[in-house]
Each structure stands twice: as structure tokens, then as C-alpha cells.
1. Hey, can you grab everything whose amide H is under 5 Å from the amide H of THR352? Only 5+ residues off in sequence or another chain; H modelled, so Pro and N-termini drop out.
2. If you take every residue apart from GLU260 with its C-beta less than 13 Å away from the C-beta of GLU260, what net charge results, scoring Lys and Arg +1 and Asp and Glu -1?
3. Can you tell me the FRET efficiency between GLU69 and ARG308 if r is taken as the Cβ-Cβ distance and R0 is 30 Å, rounded to the nearest 0.05?
4. Please identify the chymotrypsin sites (Phe, Trp or Tyr not before Pro) of the range 292-377 that satisfy two criteria: DSSP loop assignment and at most 16 other Cβ atoms within 10 Å. Which are they?
5. Of the residues ASP186, ASP222, ASP106, which exhibits the maximal mean-square fluctuation in a Gaussian network model of the chain defined by a 10 Å Cα contact cut-off?
6. Residues with amide H under 5 Å of PHE84's amide H, sequence separation 5 or more or different chain, H placed in the peptide plane at 1.01 Å from N; which?
7. Which one of THR116, THR339, THR352 has the biggest mean-square fluctuation once the chain is modelled by GNM with Cα springs under 10 Å?
8. Calculate, in nm to one decimal, what ASP20 and ASP221 gain on full extension: separation in residues at 0.36 nm each, minus their alpha carbon distance.
Amino acid sequence: MAAGAPRVFVSHLSGVPVFDPNGDQVGRVRDLVAMLRVGGRPPRILGLVVEVVSRRRIFLPMTRVTGVESGQVITTGVVNMRRFEQRPTERLVLGEFLDRRVRLVDGHGREGEEVTVLDVAIQQLPARRDWEIDKYFVRKGRGGALRRKGETLTVEWSAVSGFSLEEHGQGAENLVATFERLRPADVANALHHLSPKRRVEVAAALDDDRLADVLEELPEDDQVEILGKLKEERAADVLEAMDPDDAADLLSELPEEDKERLLTLMRPDDAADVRRLMAYEERTAGGLMTTEPIVLRPDATVADALARVRQQDLSPALAAQVYVCRSPDETPTGKYLGTVHFQRLLRDPPFTLVSSIVDSDLVPLPPDTPLPTVTSYLAAYNLVSAPVVDESGSLLGAVTVDDVLDHLLPEDWRETDFHGEGGIRHGR
């Protein structure tokens, strides 16, 4: 871990208030959700269990936590209010780690004295929103209510046995853990070659964001099969986590009744984006585009633009440029003013207004532009993404090169082995 990275003991988080960016309280922290991993790697913190006003307990991913400090947790404001359900690969830190009897191990992996876990420290990885368990605060000696004395010490996560998965075993828990370091496209390739039963078991064990990324890389038949095996509320959560264009493509493969039921279960804003995309013909700019490009107002600075480009969950294609529009700055936006390419952002001082460096010569695509024209447009201007603008001048979204390739490649292209001799590895 890098020096200075935030470290928090989980006992200090129990019961602390959770606030949105406006200062309104969302609820209170009741537990943390960790995922055990293979290969002697520290457990990763997936998110928080938050109790909201109605006493319902919901899941808040760590990717939506922007601050853990001064007795409070700050979120991005995007909170899914559905009830938290623990998955097979997940462990509750306060509920399952504290007071657990484990053994210390030496530098050679030999188990030694038995100790009781009193607290757990988590630390944020440098320059990321990922958190891992960093240290354990333990007490030597036998446990029990009448035996509170004994030497206490803080040890590295690697000095304690009992908090990682064995390398062998069948359950989906172990298989999911081995997938953790793979790109979504590679996980999708592995899933595709599993039996239908195992495919559904593994999909059920993946968290929503990870499953959404993997579904986007699977053939349509596998997508429909997996989505159909999920509980409807879980299926809606996964659709919300997918890119809107991929969610629209998947929903279009379902019977009308199933499609409408899932759209009704989704958050209204997410469902509206998907419905808008489904209104366009599939092989047009409108049908191919994503509704979530980087949009900035004219008074934003280069520093603001670079901060948006650095967001971890952005694909490289979407991070290659920002689109400058008048308010509102969510699609469909106010008047589209132009594009600023990433390289231009690197050449200008941080205080420069993006409105002063826009490329307004690049003619945007109408939403009914057919796929061959979109392809020629990207090739002619050496672009990885292009703006889609309607007749009124509003930015509707952006077409990215990866979505275009998905529609140009043969239907069985996902069957290609990217790991053989001389092969390549693909993914986002």
C-alpha cells in the first residue's frame, strides 16, 4: 500500500451516518461487505450495508463512496433502495469477521497461536476507489466473555489464516474468485463454455456491476438465458448497471411482456434512457449510441474535463473526448457546441475554458445515420467516438467504435480463442 492511503478501522464505521453530496442523510452504516479471494490475496471490500430511514438495509458499492472521514460517509448520490441480499461469495465484516477465532501464521505459512479478531482495518488502493482489508487487530489467549485479558496486537492481513479461499473446491464461490483478475470479455468466454447449470450459478454469485460488464461481452443467447434465470428485481438491477445501449439490445431480445415488466422495475431515469434507445432502428447511430458520454457546460475548465476523463468506470473510447453543450448537461442536452479531444486537453492550461478550445468543425451524426455511414465517418476522421445530435441541435449520445465493431464482425466472433499460441487478449 502506498504511504498516506486512507486507512479506517471498521469498528469506527458502525452506525456512522451516510450523506449524499447535498448534505442530506441517506442512512447509517450497519456493516461492510467483503469478497474472499484465492492466492493469498487480501479480501476486497465491495461496499457498505446501509440502513435507511425505513429500516430497510440496502447495498452501497464502494465505487459510489467518495469520502470516508470525520465520522461520516459521503456518496455520489446514486443509491439503489432495493433490499440487500448477501451473495455466496460475500462476507459481512462486522457480522462474520469480528470475534472470530483464527490463527497467526509466520513468514513461511506455518500456523501458530490462536487469536481472536477484535477489529479490521481497511485501506483504499492508491488512485482508485477500491478498498481492501489491510490489517487485523487481534487478542492472544482464549476467547469468552470472562476472558478479556491478553496481549493485543495489530498484524498484517497476511499474518492471519482463515480469511481467504482455498485453491480447490467446486462451488461458484471459488470459481468467481478465480475470475476476479480477468477482463470481462475473458470471464464471458469462460462462462460461455460452462454448462448451463454452472453458468447460471456463477452469474448468480457475481455482483451486479461485474455481471453487467460480463453480460455485455456474451452472445445474445447466453445473455437472455442468464437474465431469465435471475430474480426479476436482480435482473432489473443488472440492467441498470449495464451501458444503456447494451441494456436496450438485450431487452429487445425478450418477449414484449417480459421487457415491459423489467423496464417498470428499473429506476425511472435508467428506464427512460433505454426506452429512448429502443425507439431507434438497431443499425443506426441512434440505435448504436450510448446516452452517457462526458458532457460539460461551456464554463467548465480543462481541469474539470480531465477530472471527468479520469473516472475509472469510463471505457477508453468514451474517455477520448468530451462534448460541450449548453444546459441541461444530461442527454438530451441543450445546444451542442462541439467536441474537445483528450490530446487537446493535455496541451492547454488547467484553467482554460473548454468553450474556447472546442472543435466545432466536426459535423455530428443524425440519429438515423445508417451503420455503413457511421463506420466510414469514424474511419475518415480517425475517431473512436462520434457525437449524435438531433434536428434541434441537442446531443443525444455518442457512438463508440467498440459498438460499431460488434455489429460489423461475424456473429460467431466471440468463439475465437484469444489465449492460444499467437492469440490476443481482448476486452475493455
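1. Close amide H contacts, sequence-distant or interchain: VAL302, ALA303.
2. So the environment of GLU260 carries a net charge of -1.
3. Computed FRET efficiency for GLU69 and ARG308 comes out at 0.85.
4. PHE351
5. Largest GNM mean-square fluctuation: ASP106.
6. Under 5 Å from the amide H of PHE84 lie the amide H atoms of ARG57, ILE58, PHE59, each far enough along the sequence or on another chain.
7. In the Gaussian network model the winner is THR352.
8. 68.5 nm
The values are calculated or read from the model by the stated rules, or taken from the named source; none is laboratory data. Keep in mind the model is a prediction, meaning the values are calculated, not measured. When we count neighbours, we look across all protein chains shown, and the Cβ atoms used for this are built from the backbone with ideal geometry, even at glycine. Quick note on the areas: whole protein, heavy atoms, side chains included, nothing else; ligands and nucleic acids left out. Shrake-Rupley method; radii C 1.70, N 1.55, O 1.52, S 1.80 Å.
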